[in-house]
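J.: So that we are looking at the same thing, I have put the structure below in structure tokens.
The values are calculated or read from the model by the stated rules, or taken from the named source; none is laboratory data. Quick caveat: nothing in here was measured; it's all calculated off a predicted structure. In this analysis, Cβ positions are derived from the backbone assuming ideal geometry, glycine residues included, and neighbour counts consider all displayed protein chains. All accessible areas refer to the heavy atoms of the entire protein, side chains included, with ligands and DNA or RNA removed. Shrake-Rupley method; radii C 1.70, N 1.55, O 1.52, S 1.80 Å.
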Amino acid sequence: MPDYSVSPQCNVFWARFFPFLRWWPRVNRETLRADLIAGLTGAVVVLPQGVAFAMIAGLPPVYGLYSAMVPPVIAALFGSSRHLISGPTTAISIVVFATVSKFAEPGSAQFISMALTLTLLAGIYQFALGLARMGALVNFVSHSVVVGFTAGAAILIGTSQLKHFLGISIPAGESFLHTWQDIYRQLHEVNPYVTAIAAVTLIAGVLFIRFKPRWPGMLFAMIIGSLLAALFAYETKDIKLVGELPAHLPPFSIPDLSLKSLKLLGSGALAIAMLGLVEAVSIAKSVALKSGQRIDGSQEFIGQGLANIVGGFFSSYASSGSFTRSGINYTAGAVTPMAAIFAAVLLALIVLIVAPLAAHLPIAAMAGILLIVAYRLIDFHHISNILRTSKRETAVLLTTFLATLFVELEFAIYVGVMLSLIIYLMRTSQPAVVARVPDPASPNRHLVTDPKLPKCPQLKIVRIDGSLFFGAVDHVQGEFQRFLAEDPDQKHLLIIGNGINFIDIAGAEMLAAEAKRRKARGGNLYLVKIKEEACNTLRRGGFRDLIGPENIFLTKAHAIESIFRNLDHGVCARCDKRIFLECAQVRPLSMAAATVPVLGALPHIERLLVASDDSEYSAGAIHEALHIAKKSGARVRVIHMISRASTELAAGADQIPEPVLARAREHLDDVEHEAVAAGVTCDTEVIHTSLRLYQEIVNQAKNMNADLIVMGREGRRGLARVHLGQATAKVIGHAHCSVLVVPSNAEIKGQRFVLATDGSVYADAATAMAGSLAKILGAPVSAVSVTLPSQSAQRHKEAHAAANRAAAFLTSHDIDAEAVVYPGRPDKVIVETSATKKADLIVVGSHGRTGLERTMLGSVSERVIDAASIAVLVAKVS
């Protein structure tokens, strides 16, 4: 919206049509003085630039000066920026040349006429976009497009000026590669006098910019070049001059409005219009950040459009905002757009005075100036930042840059813009669909994204970070199907919609179809925190009724409370996750309904299976298995696992290579010697299997009806070796019996056991196994139950009851046991309690057959194994 607050005296109605009424009442003697000084500075700066830019555009030099007189005045009066200075620019100039040079000889009357027609068409495009209030359109043109195009344009400008720099003859209109080929062929024809003038002008300009940046360095450099040309006696050294400029104001001109010209120039005019708007609005916003002004993009479109429309009738070619002159204007102290008007008027006066002097200006000096302009056009800072930051933006930058060099310039702009839009659409068409779970450490169970935390087996909670429109439907629907394929039991889906800005018909239809699919599977689809606009779309299209008004909620707490009533509470009773506050409403299954030993009897531990290799990590497992067997009289079977897929075996071999077999037998001989010394009955066997290791271990345990599987573990990461480490987690998930995981350097002396209990059937199985081992090793037991402050009073009572029940059961078997209840996250409490009480064994329950098959699903048993440095016994419900 326009900034009407700029002038309290202006009439809002008339200010819509005449934007200068917003700032005109602010003009006074002080602002006029400041604007006059800034305008004089701008006029001096634009004098050499106007001549140089006109040469880039293939026009007589005076047309660059005309473009710096008329368009800036119109843009200042009808634009929204107080400091933007319009006029000829490098990028626009080279696009003008590339567009018109295909149809007319540069510098000819036809070329000039078509350039003015091109300007008029570009202005009409810009004016129409402004009237349509499409100022936000430039936001869709990536900054990388502008940076890539200007860098390519700079290379083209430099290349086109080399013929003037070297004093050689190259036909106009040559392509980038052909120009360099011609330069290479004519290196022996270089005019040393021309090159000296260009080089001296170039060096002088660079020195002024480096040491006297506030001075009109380019103007002084051109004067130095002209003096050197006079010194060389240019008449005799084939040194070409710019020629005398007409000493008059911009004449009235009529563009070529024939249908043929309009068809030929329409595409190029659109490219110039878009490039000019991007330049103007970007520069205006950049200066506005410093001045504190608010820019109206649509009004800037109108101002630039009118500037080019009027300029087309006053011998001015396409113009846009100039970053250099706008920055100088602001730095020089300009207060209102009067500075731009003063600059145009003063430039006209200067041209009337100094126009004849252009007759002594060598074209070589202009070439040196244009090489400086070209170099400064390359934004090295932003290029390096783009290359370092984003691969996609780098692709846009390089594509636009290369297209600028090797294809038509207007096409290069279109390529960059289209690639920007494609990347934008790719990003918006693939919104993140993030899984969310309650944080058990948060009193209100705040939803977080953490794959290690436990998740509900029946309800999937996701957050969609993007709008649901036709381009994103396929991606989002694919994510929903993937979630269902991974967890078929999660039939209920809750979508958190605070990241969904809008939903179109395709998105609404997808949600309705997903709700229908979920209902057919016995679940449902739920929406929460959906924005009003998205809700209105669902309501107007009848999709809200298909999803169900009762399934759309305002708050997450209300949503989960309502959804919980629709869940299968039979599954809830068998679930040990308890991640929602509502889970306390369902009591865990009693022991009577579980296939675990009846409390009152301890399970016998008579057969132990040790899965081993010859690593140091299995040594601890073997030692603890023999220690338990010695105390209990159990039999031990140690199997040495060798996979057919091992890299130590030849491909396709049916027999174990002799060196491998010898090493395995040597290892098992040592085990047998240790067993004999301990007085333990021990069988050993080398297993050469084509099965996956965990499958072989599970099969061996089942065949011998083992009561306990013992496996090693390497420190706190990975269980045993690489192969056994991968196998251990899956053995725990699939084995019919309990599994004892022993880290290297760990030893179970029977100092104390920590038993984790929550009263579930799995905890009862752990209690029974803990009692058996405690009885064998004479260890006291701490039965630990965990609560959270956010849980209900009933849940706190259940936690105390679970701990007391486990302790009472152990005490009834003459085991020293205590019941303790601590607040916190279960896995942390269990591990910290074991350290505090100097325990040497943790006993936990396993909730299912595949609990540890995946990587860190987040159950308590998995997290305890991951964090503990002592042995952990995972008890299974048979």
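J.: In sequence order, what are the phi-derived ³J(HN,Hα) couplings for the stretch 153-165 according to the Karplus relation 6.51 cos²θ - 1.76 cosθ + 1.60 with θ = phi - 60°, rounded to whole Hz, with x for glycine and proline?
T.: 4, 4, 5, 5, 4, x, 5, 5, 8, 5, 5, 6, 5
J.: In the chain, once you exclude exposed GluC sites (Glu not before Pro) (DSSP loop, at most 12 other Cβ within 10 angstrom), what's the longest stretch remaining?
T.: Value returned for the longest uninterrupted segment is 236-647.
J.: Looking at 575, 253, 361, which one has the Cα that reaches farthest to the positive end of the dipole of the chain (charges on Cβ: Lys, Arg +1; Asp, Glu -1)?
T.: Towards the positive end, the residue furthest out is 253.
J.: Please give the length that would be gained between residue 27 and residue 835 if that part of the chain were fully extended, namely 0.36 nm times their separation in residues minus their C-alpha to C-alpha distance (nm, one decimal).
T.: Length difference between fully extended and current span is 283.0 nm.
J.: Among 875, 59, 332, whose Cα sits farthest toward the positive end of the charge dipole of the chain (+1 at Cβ of Lys/Arg, -1 at Cβ of Asp/Glu, about the Cα centre)?
T.: 332
J.: Fully extended, how many nm does the chain gain between residue 585 and residue 227 (0.36 nm per residue separation, minus their Cα-Cα distance)?
T.: Answer, rounded to one decimal: 119.3 nm.
J.: Mind giving me the nanometre distance, one decimal, between the label points for residue 258 and residue 606, set 7 Å out from Cα along Cα→Cβ?
T.: According to this spin-label approximation, the distance is 11.0 nm.
J.: Quickly estimate the mean residue ellipticity at 222 nm for the chain, helices only: each DSSP H run with n ≥ 4 gives -39500 (n - 2.57), and the total goes over all residues, rounded to 500.
T.: The helix contribution divided over the chain gives -17000 deg cm²/dmol.
J.: How far is it, in nm, from the label point at residue 110 to the one at residue 294 when both lie 7 Å from their Cα along the line to the Cβ?
T.: 5.2
J.: Here's something else I'd like to know. Taking a virtual spin label 7 Å from the Cα of residue 475 along the C-beta vector, which residues in the stretch 493-525 bring their backbone nitrogen under 19 Å of it?
T.: 495-511
J.: Which percent of Cα pairs goes in each bin when the distances of the stretch 17-148 are cut into 5 angstrom slices starting at zero?
T.: Spelled out per bin, shortest first, that is 2, 9, 14, 19, 18, 16, 13, 6, 2, 1, 0.
J.: Moving on to the next point. In debye, nearest 20: dipole of the chain around its Cα centre with unit charges on the Cβ of K, R (+) and D, E (-)?
T.: 2100
J.: Tell me, what is the percent relative contact order of the chain, built from C-alpha pairs under 8 Å that lie six or more residues apart?
T.: Across the chain, relative contact order equals 12 percent.
J.: Now for a separate question. Short version: ³J(HN,Hα) in whole Hz for each residue of the stretch 309-314, in order, from phi by Karplus 6.51 cos²θ - 1.76 cosθ + 1.60 (θ = phi - 60°), x for Gly and Pro, what are they?
T.: 5, 5, x, x, 9, 10
J.: Compute the angle between helix 658-678 and the longest alpha-carbon principal axis of the chain, please, reported from 0 to 90 degrees and rounded to the nearest 10.
T.: Roughly 50 degrees between the two axes.
J.: Please compute one quarter of the surface area of the Cα convex hull for the stretch 201-296 and express it in square nanometres.
T.: Details: hull surface 47.4 nm².
If you wrap the Cα atoms of the stretch 201-296 in a convex hull and average its projections, you get 11.8 nm².
J.: Taking θ as phi - 60°, what are the ³J(HN,Hα) couplings along the stretch 812-823 by the Karplus curve (6.51, -1.76, 1.60), each to the nearest whole Hz, with x for Gly and Pro?
T.: 5, 9, 6, 10, 5, 9, 10, 10, 9, 10, 10, x
J.: Just how large is the dipole of the stretch 86-237 about the Cα centre, in debye to the nearest 20, putting +1 at every Lys and Arg Cβ and -1 at every Asp and Glu Cβ? Walk me through the numbers on the way to the answer.
T.: Details: 8 positive and 5 negative charges, 96 e Å.
The calculation lands at about 460 debye.
J.: Something else about it: Ignoring the sites themselves, what is the longest stretch of the chain with no trypsin sites (Lys or Arg not before Pro) in a DSSP loop and at most 10 other beta-carbon atoms within 10 Å?
T.: Details: sites that count: 214, 565, 717, 838.
It runs 215-564.
J.: If you count the DSSP beta bridges with both ends in the chain, what percent of them are antiparallel, to the nearest 5?
T.: Working: 12 of 67 bridges.
Roughly 20 percent of the DSSP beta bridges within the chain come out antiparallel.
J.: Under a plain spin-label model, where a point goes 7 Å from the Cα along Cα-to-Cβ, how far apart in nm are residue 426 and residue 513?
T.: 2.5
J.: Select one label from (1) 23; (2) 50; (3) 30: the one whose number is percent of Cα pairs over 48 Å apart as derived from the coordinates shown.
T.: Matching entry in (1) 23; (2) 50; (3) 30: (2).
J.: Ranked from the most accessible area to the least, with a 1.4 Å probe and all protein chains present, what is the order of 316, 108?
T.: These residues rank, largest area first, as 108, 316.
J.: Where in the stretch 396-439 is the amide nitrogen less than 18 Å from a point lying 7 Å along the Cα-to-Cβ axis of residue 184?
T.: What the label zone holds, given the 18 Å backbone N cut-off, is 406.
J.: Taking the 0 to 90 degree range and rounding to the nearest ten, how far is the long axis of helix 109-131 tilted relative to the main principal axis of the chain, both from C-alpha atoms?
T.: 50
J.: Moving on to the next point. Going 7 Å from the Cα of residue 133 toward and past its Cβ, which residues in the stretch 259-301 have a backbone nitrogen under 12 Å from where you end up?
T.: Taking a point 7 Å out along Cα→Cβ of residue 133, the residues of the stretch 259-301 whose backbone N falls under 12 Å are 298-299.
J.: Taking the 0 to 90 degree range and rounding to the nearest ten, how far is the long axis of helix 363-377 tilted relative to the main principal axis of the chain, both from C-alpha atoms?
T.: That works out to roughly 20 degrees.
J.: Ok, one more. Identify, among 92, 112, 74, the residue whose Cα sits farthest towards the positive end of the charge dipole of the stretch 58-200, taking +1 on the Cβ of Lys and Arg and -1 on the Cβ of Asp and Glu, with the dipole about the Cα centre.
T.: It is 74, whose Cα lies furthest towards the positive end.
J.: Further, regarding this structure: Express in nm, to one decimal, how much length is gained between residue 449 and residue 685 on full extension, taking 0.36 nm for each residue of separation and deducting their alpha carbon distance.
T.: In short, 80.4 nm is gained.
J.: If you don't mind, there's one more thing I want to ask. Show the residues, 5+ positions off or on another chain, whose built amide H is closer than 5 Å to the amide H of residue 841.
T.: It is 752, 754, by chain and number.
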